[in-house]
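Have a look at the structure below, then the notes.
Bear in mind these aren't lab numbers, they're just calculated from the coordinates by the rules spelled out. The shown structure was predicted, so the numbers you read here are calculated from the model rather than taken from an experiment. A quick note on method: Cβ atoms are made from the backbone with ideal geometry, for glycine too, and the neighbour counts reach across all protein chains shown.
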Amino acid sequence: MQTKNKLKIFNDPIYGFITIPNALIFDLIEHKYFQRLRRISQMGLSYLVYPGAHHTRFHHALGCMHLMQKAVQVLRFKGVEISEGEENALYVAILLHDIGHGPFSHAMEHSIVNGVSHEHISLQFMEVLNTEFNGSLTLAIQIFKGKYHRPFMCALISSQFDMDRADYLKRDSFYTGVAEGNINSDRLITMLNVVNDELVIEEKGIYSIEKFLVARRLMYWQVYLHKTGLVAEQLLMRVLQRAKELTQQGVVLEASKPLMFFLQNDIQLNNFNDNTLNTFSKLDDYDIITAMKAWQYHDDFVLKNLCEMIINRQLLKVKLKKNHIKPEKLQMHIKKLMKQYQVSESEAAYFVFTGSITNQAYEQNKQPINVLFQNGKIQNIVKASDQLNLKALSKPVTKYYICYPKDKM
């Protein structure tokens, strides 16, 4: 009788009611590792550009699981054999695919841990949970790693059209109010099919996939690579780098215990063990915000100013260019800052820097999105589409940026 109570319903602003399919999924959602995702924003600091973008990784993971339920239903209806074990494994894998994200999603990967990706951390979380749940996540882990003998299941978790992308485009477009990203995930999922254990889209879905790829491109330029969001994320990475630098020089900073652990230690792949994972699981957006609120009053010129910029949204000036930024332009801004505030070149480099961003909506050399025609022929979407712009969408577009302080910091 106990399990009945576990088949709960979530009310989602995008899909309406989301049902929890079984007791294992319920127990995973209840777990503290998963509940942490309620405290991690899906889009990092994008809310500094789009005030509505406060939704969390928790939201997103449930949405993905909901879409996976639809996908399983559609494929079974079309005669694709999916056992109960495989079905559960798909739900578990998609539910936990982002569980390894750190505070503010991507900024952590480049500043507090060294070369440890969120996918790697997600996998470590899944291994620990698998031990706790007596091996019931084994198949899900196999699918998550892309090692299962039925490739279409791995493609539903991670490919150029997977349940992750189908949810985040729709969800992020809803919460930012950027209508260009709104895709018809229902229609796309209804068009899915499987041939020889490979995932395909039926011919009737060709325009929906085109719309999906165009929406992805527009969301990247308008939202994910928005220049203000970009500079905010760069500042956050620099806050954490500076805090780490100062801590390792013996400067005492106010910070929560989990954050202090990552500031004091050089964490890389080879020493990211279960103990590190447990400390990492206690970190979320609130640790970072609280630290920045304290650090904005610190004596250190760099740390103080970086934190003030984010907390009060007084960000750096950012310019996007089609060509590489000239080194002399960078030097000019660095020298100006050094003179204005009497700071060293290494300190000035925290506020003046260049970089590049690349947008590629479809990668031809990756596992392609294949279209199934009524005569049984299967073709890559770029060839199958009569739209020239899909060829253009598969070419990477790179832009270069330079950031430097406005006249008065």
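In nm, what is the difference between 0.36 nm times the number of residues separating LYS399 and LYS383 and their Cα-Cα distance?
Value of the extension gain: 3.0 nm.
Taking the Cα centre of region 318-409 as the origin, how large is its charge dipole in debye, to the nearest 20, when only Lys and Arg (+1) and Asp and Glu (-1) carry charge on their Cβ atoms?
280 debye
How large are Rg and Dmax for the chain when only the alpha carbon atoms are used, in Å?
22.8, 73
Note down the nm distance, to one decimal, between modelled labels 7 Å out along Cα→Cβ at LYS366 and at SER344.
Distance between label points: 4.1 nm.
What lysines sit close enough to LYS244 to cross-link, taking a C-alpha to C-alpha distance under 16 Å and skipping anything fewer than 8 places away on the same chain?
LYS257, LYS304
Across every pair of different alpha-carbon atoms, what Kirkwood hydrodynamic radius in Å does region 226-382 reach?
Taking the inverse mean of 1/r over all distinct Cα pairs, region 226-382 comes out at 19.0 Å.
Extension gain ASN275-GLU254, at 0.36 nm per residue separation less the Cα-Cα distance, in nm?
5.3 nm
Return one number: the angle in degrees, 0 to 90 and rounded to the nearest 10, between the long axis of the Cα atoms of helix 301-311 and the longest principal axis of the Cα atoms of the chain.
40 degrees
Can you give the charge dipole size of the chain about its Cα centre, rounded to the nearest 20 debye, using +1 on the beta carbon of Lys and Arg and -1 on the beta carbon of Asp and Glu?
1460 debye
Can you find, among LEU315, PRO151, ILE288, the residue sitting farthest towards the positive end of the charge dipole of the chain, where Lys and Arg contribute +1 and Asp and Glu -1 at Cβ?
The residue sitting farthest along the positive end of the dipole is LEU315.
With bins 5 Å wide starting at 0, give me the P(r) of region 366-409 over every alpha carbon pair, in whole percents.
For region 366-409, the binned pair fractions read 5, 16, 16, 14, 10, 7, 6, 6, 6, 5, 4, 2, 1, 0 percent.
May I ask which of LYS147/LYS395; LYS70/LYS170; LYS319/LYS366 have a Cα-Cα span longer than 21 Å here?
Correct reply: LYS147/LYS395; LYS319/LYS366.
For region 45-189, what is the Kirkwood hydrodynamic radius in Å, using each pair of distinct C-alpha atoms?
16.2 Å
At 4 °C and a viscosity of 1.567 mPa s, what translational diffusion coefficient does Stokes-Einstein give for region 290-409, taking Rh as the Kirkwood radius over Cα pairs? Give it in µm²/s as a whole number.
For the chosen part, D equals 72 µm²/s.
Roughly speaking, what is the stretch gain from GLU328 to ILE9, that is 0.36 nm per residue apart minus the C-alpha to C-alpha distance, in nm to one decimal?
Roughly 109.0 nm would be gained on extension.
So what is the relative contact order for the chain, in percent, with contacts set as C-alpha pairs under 8 Å and at least six apart?
16 percent
Please pull out the direction-averaged projected area of region 231-319, using the convex hull of its alpha-carbon atoms, in nm² to one decimal place.
Across all orientations, region 231-319 yields a mean hull projection of 6.4 nm².
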